[in-house]
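Enquirer: Mind looking over this structure? Questions follow.
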Amino acid sequence: MNYELDNIYCADCYEAIKDIPDRSVDLIVMDPPYQITNTQTRGKSDFSKSMQYMLNELEDGRFTESVRGGVLLPQLVRVMKAINLYVWCNGKQIPMYLDYFVKEQRCEFDIIVWRKTNAMPLFNNKYLTDKEYCLYFRKGGYCNPQTYEDAKTVWDLPINKRDKDKFAHPTIKPLEIISAIIRNSSKEGDVVFDPFMGSGTTAVAAKNLNRHYLGFEIDRKWHKIATDRLNNIQANGQITIFTE
Ligand SMILES: C[S@@+](CC[C@H](N)C(=O)[O-])C[C@H]1O[C@@H](n2cnc3c(N)ncnc32)[C@H](O)[C@@H]1O
């Protein structure tokens with residue numbers, strides 16, 4: 001299948017990526033389901049149901065297995081013109097990415113941190129869950145921030161309640177951070193690929209910045225929400241106006 005740019009396809013990225021031509025993508029920004037363990041919620045409230053949904057998604061170990069089994073990452077490298085990739089992850093996943101991109105592929109790397117200024121006060125026998133990591137790997141890839149604000153690696157932002165409400169996705173990422181990394185590591189007209197689109201944050205940022213986007217989302221509900229979002233329609237059917 002030939003994909004048309006500026007589209008999100010409702011597809012399983014592990015299969016669909018095989019049809020993307022070699023060296024056709026300038027930048028990958030991806031946010032796969034994280035793997036976390038030993039966490040449970042109880043109760044029937046909307047809050048605990050949405051928390052449970054999020055944890056179920058996070059507990060999807062298929063991604064981690066596919067990385068460990070050498071399935072997805074070589075495909076990502078194949079489709080990029082040069083290694084130029086951002087991936088959101090939790091602390092436990094950092095070693096597996098360093099193993100592949102730094103040890104094997106000899107990439108340079110950096111770590112961007114989203115420090116959540118309104119994290120939930122849950123610290124029973126553990127630290128707060130008050131940050132997420134976005135790892136950047138490049139070998140020949142492009143990173144050229146034009147402002148101090150775009151060059152920073154720690155972002156202090158609250159959990160994205162406003163966009164969560166608008167687009168309903170439990171793990172939506174801040175448009176501000178995604179926009180900055182796309183500005184820094186691509187040029188107008190470049191192709192930005194996200195295999196795990198969710199509510200389409202990468203596509204919205206790419207479109208706003210005059211980049212082409214291409215993406216996959218396996219779940220029909222999120223696929224519709226993402227494509228509606230690109231047409232300025234919120235999850236509840238209201239028309240929205242996008243700001244960074
Ligand atoms: C962490 S979320 C991405 C959220 C996104 N960054 C946003 O801001 O809305 C991961 C998404 O990957 C999707 N997903 C999981 N497995 C997939 C697969 N095999 N192919 C494509 N999408 C997949 C999930 O349905 C989920 O919406």
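The values are calculated or read from the model by the stated rules, or taken from the named source; none is laboratory data. Please read these numbers as outputs of a predicted model, since none were measured by experiment. Note that we place each Cβ from the backbone using ideal geometry, even for glycine, and neighbour counts take in every protein chain shown.
Enquirer: Can you name the residue in region 81-120 that is in a strand (DSSP E or B) and aromatic (Phe, Trp, Tyr) and, of all such residues, is surrounded by the most Cβ atoms within 10 Å (Cβ to Cβ)?
Expert: The qualifying residue surrounded by the most Cβ atoms within 10 Å (Cβ to Cβ) is 86.
Enquirer: Return yes or no: is residue 180 touching a residue at least 12 places away in the same chain (Cβ under 8 Å), within 12 Å of the ligand (Cβ to nearest atom), farther than 24 Å from residue 19 by Cβ and not hydroxyl-bearing (Ser, Thr, Tyr)?
Expert: Working: touching a residue at least 12 places away in the same chain (Cβ under 8 Å): yes; within 12 Å of the ligand (Cβ to nearest atom): no; farther than 24 Å from residue 19 by Cβ: yes; not hydroxyl-bearing (Ser, Thr, Tyr): yes.
Taking the combined requirement at face value, the residue does not satisfy it.
Enquirer: May I ask you to verify whether residue 33 is within 13 Å of the ligand (Cβ to nearest atom), part of a loop (DSSP other than H, G, I, E, B) and at pLDDT 50 or above?
Expert: So residue 33 fits the description; yes.
Enquirer: Separate question: Residues to consider are 46, 60; find the one that is away from the ligand (no atom under 16 Å from the Cβ) and modelled with pLDDT under 90.
Expert: 46
Conditions tested, residue by residue: (1) modelled with pLDDT under 95; (2) under 17 Å from the mean Cα position of the chain (by Cα).
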{"site": "142", "(1), (2)": "yes, no"}
{"site": "164", "(1), (2)": "yes, yes"}
{"site": "191", "(1), (2)": "no, yes"}
{"site": "194", "(1), (2)": "no, yes"}
{"site": "198", "(1), (2)": "no, yes"}
{"site": "212", "(1), (2)": "no, yes"}
{"site": "223", "(1), (2)": "no, yes"}
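Enquirer: So, one more: Checking residue 155 against (1) more than 29 Å from residue 15 (Cβ to Cβ); (2) in a loop (DSSP other than H, G, I, E, B), only one condition comes out false. Which one?
Expert: The single condition residue 155 does not satisfy is (2).
Enquirer: Contact list please: Cβ distance under 9 Å, first residue in region 185-206 and farther than 18 Å from residue 77 by Cα, second residue more than 16 Å from the ligand (Cβ to nearest atom) and modelled with pLDDT under 95, pairs at least six apart or on different chains.
Expert: Filtered contacts from region 185-206: 187/142.
Enquirer: Restricting attention to region 79-96, which residues are at pLDDT 95 or above and within 16 Å of the ligand (Cβ to nearest atom)?
Expert: Answer for region 79-96, where residues must be at pLDDT 95 or above and within 16 Å of the ligand (Cβ to nearest atom): 79, 85, 86, 87, 88.
Enquirer: For region 183-206, how many residues are within 23 Å of residue 10 (Cα to Cα) and either touching a Phe, Trp or Tyr at 6+ places or on another chain (Cβ under 6 Å) or more than 8 Å from the ligand (Cβ to nearest atom) (or both)?
Expert: Within region 183-206, residues that are within 23 Å of residue 10 (Cα to Cα) and either touching a Phe, Trp or Tyr at 6+ places or on another chain (Cβ under 6 Å) or more than 8 Å from the ligand (Cβ to nearest atom) (or both) number 11.
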